[in-house]
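Quick notes on the structure that follows.
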């Protein structure tokens with residue numbers, strides 16, 4: 001079995017950091033003496049307990065409040081129908097994201113709850129500090145002859161307490177590394193951390209306690225956070241294009257007037273845009289060759305009858321909402337016909353309830369074949385989210 005002295009023979013970052021924490025804490029303990037070191041150790045333990053208690057209480061508080069906050073936001077948040085300024089777009093993007101994305105809402109409420117509880121815990125610390133100072137300074141005055149010996153003993157005891165404090169700091173540091181490696185197994189510097197003898201030794205102790213739980217849930221949680229963050233970024237198109245111009249609404253209602261189902265409505269709008277809107281090759285070339293991008297609103301796409309993929313997807317979304325459909329703009333990568341992929345945008349529309357009620361469509365490609373919920377849609381379209 002590898003001994004601890006062997007772990008430090010070959011210098012490596014994790015071992016060096018742990019060694020510095022131990023030596024630094026030991027030196028601090030010697031300088032402060034027994035009473036000062038005991039005080040620091042007490043508040044180190046207090047801080048640890050306070051963090052754990054606040055985290056648990058914040059989680060319980062968030063579990064209770066999150067459904068109520070979602071219900072309140074659903075009833076209160078209504079995006080105005082007028083053209084929104086940049087500040088209004090950001091504000092309503094945040095509010096609607098908190099309303100619709102449970103993970104974001106949980107994270108924000110958890111953070112606010114934790115900060116509030118930590119503030120309450122911090123307000124108690126002055127009382128604890130006075131109590132600890134009173135205990136450490138209690139006792140009778142001793143003759144001067146005994147002070148020198150007591151100082152030496154105090155430094156020795158302080159060094160021991162400092163070493164214990166350093167061990168605690170090192171343990172917290174390694175636990176944080178363990179959580180990071182477990183939750184983000186493909187993250188930055190994970191390979192180097194995993195090769196560290198110090199980390200390997202500590203991980204062998206921690207794995208039976210929490211390793212399976214973290215390793216099983218971490219990647220899933222990380223993927224969920226990443227996917228929801230990308231959905232929040234895409235939410236901007238819904239907010240920017242929330243106001244529906246009268247002429248677009250009129251056209252959407254006319255196109256879908258004979259539709260019997262949501263799928264019929266979605267298909268008729270797909271056919272309408274696929275035959276009406278031409279792909280703007282000049283705009284695409286200007287962006288690809290010169291880096292010049294022309295922002296285009298759905299009314300401009302509707303009036304000029306041309307645009308690139310994101311313009312057509314945004315116009316489809318506005319017309320679909322006009323017809324009473326739930327729709328979203330999806331950004332990602334689309335097949336370029338040359339064996340590769342390039343930036344692309346399309347739509348998803350809900351035709352029935354449930355997670356399987358959403359179907360994909362690509363009105364930009366409508367004149368090249370059937371891209372209304374075809375069987376192999378995912379082979380040519382890779383969503384960012």
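For region 100-123, what are the residues that are at pLDDT below 80 and either outside the structural domain of residue 71 (by TED's automatic domain parsing) or part of a helix (DSSP H, G or I) (or both)?
Once the filter is applied, which keeps residues that are at pLDDT below 80 and either outside the structural domain of residue 71 (by TED's automatic domain parsing) or part of a helix (DSSP H, G or I) (or both), region 100-123 yields 100, 102, 103, 104, 106, 107.
Within region 334-347, track down each residue that is surrounded by fewer than 18 Cβ atoms within 10 Å (Cβ to Cβ) and closer than 22 Å to residue 318 by Cα.
Scanning region 334-347 gives a single hit, 343.
Does region 271-322 hold any residues that are closer than 19 Å to residue 342 by Cα, assigned to a helix (DSSP H, G or I) and modelled with pLDDT of 90 or more, and which are they?
Of everything in region 271-322, those that are closer than 19 Å to residue 342 by Cα, assigned to a helix (DSSP H, G or I) and modelled with pLDDT of 90 or more turn out to be 281, 282, 283, 309, 310, 311, 312, 313, 314.
Which number in (1) over 23 Å from residue 376 (Cα atoms); (2) buried (at least 17 other Cβ atoms within 10 Å of the Cβ); (3) out of contact with any helix residue (DSSP H, G or I) (no Cβ under 7 Å at 6 or more places or on another chain) marks the one condition that residue 310 misses?
The number of the failed condition is (1).
More than 27 Å from the chain's Cα centre (by Cα), without any contact (Cβ under 8 Å) to a residue 12 or more places away in the chain, surrounded by 14 or more Cβ atoms within 10 Å (Cβ to Cβ) and assigned by TED's automatic domain parsing to the domain that holds residue 269 - does that describe any residue in region 292-300?
Yes, because at least one residue in region 292-300 is more than 27 Å from the chain's Cα centre (by Cα), without any contact (Cβ under 8 Å) to a residue 12 or more places away in the chain, surrounded by 14 or more Cβ atoms within 10 Å (Cβ to Cβ) and assigned by TED's automatic domain parsing to the domain that holds residue 269.
Run down 259, 266, 278, 243 and say which single residue is closer than 30 Å to residue 353 by Cβ and in contact with a strand residue (DSSP E or B) (Cβ under 7 Å, 6 or more places away or on another chain).
Only one candidate passes the filter, namely 266.
Only one of these conditions is not met by residue 91: (1) surrounded by 13 or more Cβ atoms within 10 Å (Cβ to Cβ); (2) farther than 23 Å from residue 109 by Cβ; (3) modelled with pLDDT of 70 or more. Which number is it?
(2)
Is region 361-379 home to any residue that is under 29 Å from the mean Cα position of the chain (by Cα) and on the phi > 0 side of the Ramachandran plot?
Scanning region 361-379 turns up no residue that is under 29 Å from the mean Cα position of the chain (by Cα) and on the phi > 0 side of the Ramachandran plot.
The values are calculated or read from the model by the stated rules, or taken from the named source; none is laboratory data. Since the structure is predicted, the reported quantities are computational estimates derived from the model, not experimental observations. Every residue, glycine as well, gets a Cβ built from its backbone with ideal geometry; the counts of neighbours run over all protein chains shown.
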